[in-house]
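Reading through the structure tokens given below for one structure.
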Amino acid sequence: MIKKFFWTEKENKVIMDNYESCDVKTLQKSYLPNYTVKSIYDQIYRLGLKKVINWSDSEIEALKNNYHLPTEKIKELFIPERTKAAIQAKIIDLRLRDTDFWTEEEIDILINNYPTCEWKELKLLLPKRTESSINHMAERLKIGRSTRIGIKYKVERLLEETPEAYYWMGVLLADGHFVKDKTALRQQATKYA
């Protein structure tokens, strides 16, 4: 049987009084040694506590001057006390990266091409976008992809000057077509034999 521990009012008060001034590991070591760091985080969430650490002018200036660098570098060189997630969120909040926001032109390209284009073409049409961001935006816009994408490229390969293309053109020309149900074709063939 799992023994359940209930947080006392005294323990909750310890968390509320010290959460803003120290990190959770320090809180655990100094005040709540009988609890794991995870259980303290869970209780903080249940209590609805959030740390609000305002960004200083120097931190914002560092972001404005260096947002083009990878987040890890910004953290390492300029803002080591912030998490990578906090830095990325602040860059988006400050609208420093234009690529984070889709333009009307990009959305039009996506609407007109996502259902029928292959990934190679989509990446050429939307060079600043990753496959993940394209999929995410298409999902938000409720745009689906055709299951027949790529068929035109397979047909175009038959027109190339390659041994493989000659082979398949010979098969097509000899037979005339492909049939899903070959029994009907066999019946027709035996009828004339």
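The values are calculated or read from the model by the stated rules, or taken from the named source; none is laboratory data. Quantities reported herein were computed from a predicted structural model and do not represent experimental measurements. Cβ atoms come from the backbone with ideal geometry, glycine included; neighbour counts cover every protein chain shown.
For Tyr45, state whether it is of a type in the set (Phe, Trp, Tyr) and touching a helix residue (DSSP H, G or I) at 6+ places or on another chain (Cβ under 8 Å).
no
I need a count of the residues in the stretch 55-66 that are assigned to a loop (DSSP other than H, G, I, E, B) and in contact (Cβ under 8 Å) with a residue 24 or more places away in the chain.
Adding up the residues that qualify gives 1.
Would you mind finding the one in Asn65, Asn54 that is under 30 Å from the mean Cα position of the chain (by Cα) and more than 28 Å from Pro127 (Cβ to Cβ)?
Matching residue, one of Asn65, Asn54: Asn54.
Here are some residues: Pro80, Pro115. Which one is outside any helix (DSSP H, G or I), in the same structural domain as Ser133 (by TED's automatic domain parsing) and not basic (Lys, Arg)?
Answer to the check: Pro115.
Look through the stretch 83-131, keep the residues that are of a type in the set (Asp, Glu) and within 16 Å of the chain's Cα centre (by Cα), and return whichever of them is modelled with the lowest pLDDT.
It comes out as Asp100.
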